[in-house]
Amino acid sequence: MLHAYGTPPHVIAHCTAVADVAVKVAEALNEHDFHLNVPLILCAGMLHDIARKEKDHPKVGADYLQAKGLPLAADIVRDHMKRPITEDVYASTEADLVCLGDRTVLEDHYVGPDRRMAYIIDKVRRRSGEDTDKITAIILEKKADLKRYIAALEEIIGMSMNDLIQGGR
């Protein structure tokens with residue numbers, strides 16, 4: 001589907017890495033009596049940036065997936081840029097895990113929240129005409145939320161995200 005849409009190879013590589021992170025976390029949580037839909041996470045993770053070369057890519061991608069008969073993946077894709085991650089890991093949804101993957105993957109590899117958010121802040125600061133201080137503050141707030149979520153997640157699964165993603169299971 002990514003190839004049919006015309007998604008660039010580097011974006012496909014990013015989507016693959018995001019899906020990999022999200023699926024590994026979901027599988028680890030499911031070992032602790034969570035009931036996350038791993039195929040949905042894989043699908044939405046793989047397709048979350050299908051339309052990244054478009055303006056408002058979450059909406060364009062979600063509309064495309066909806067038209068292709070993938071409404072659950074479309075819902076996740078539509079919200080993946082702005083969705084706040086739940087404060088309660090026990091309330092995690094498939095959308096939370098796709099967002100977690102996207103917020104910890106830089107291009108095609110897992111880098112964690114610090115490096116990923118630093119990259120986003122740098123991107124914002126290079127743009128002109130935006131209130132970069134306000135946007136940076138929002139990103140830093142989201143990063144703090146993400147780090148709290150990851151800490152709680154690590155407590156449940158009994159290992160660090162780094163170890164989980166790098167094959168520590």
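The table below gives the values:
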item: Residues within region 54-76 that are open to solvent by 10 Å² or more (accessible area, probe 1.4 Å) and under 22 Å from Asp20 (Cβ atoms), tallied; result: 6
item: Conditions (1) under 17 Å from the mean Cα position of the chain (by Cα); (2) assigned to a helix (DSSP H, G or I); (3) of a type in the set (D, E, K, R); number of the one not met by Asp49; result: (2)
item: Of all residues making up region 1-35, the number that are over 23 Å from Pro113 (Cα atoms) and in contact (Cβ under 8 Å) with a residue 60 or more places away in the chain; result: 3
item: Counted residues, region 77-101 - those being buried (at least 16 other Cβ atoms within 10 Å of the Cβ), under 15 Å from Lys143 (Cβ atoms) and at pLDDT below 95; result: 2
item: Number of positions in region 26-37 that are more than 13 Å from the chain's Cα centre (by Cα) and open to solvent by less than 30 Å² (accessible area, probe 1.4 Å); result: 4
item: Pairs with Cβ under 7 Å, 6+ apart, first in region 56-72 and over 14 Å from Ala4 (Cα atoms), second outside any helix (DSSP H, G or I) and open to solvent by 20 Å² or more (accessible area, probe 1.4 Å); result: Pro58/Met81; Val60/Glu54
item: Residues (open to solvent by less than 30 Å² (accessible area, probe 1.4 Å) and small (Gly, Ala, Ser)) located in region 107-142; result: Gly112
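The values are calculated or read from the model by the stated rules, or taken from the named source; none is laboratory data. In this text, all values refer to a predicted model and were calculated from it rather than measured experimentally. Here the Cβ is made from the backbone with ideal geometry for all residues, glycine too, and neighbour counts use every protein chain on show. Accessible surface is based on the protein model in full, side chains and every heavy atom, while ligands, DNA and RNA are left aside. Shrake-Rupley method; radii C 1.70, N 1.55, O 1.52, S 1.80 Å.
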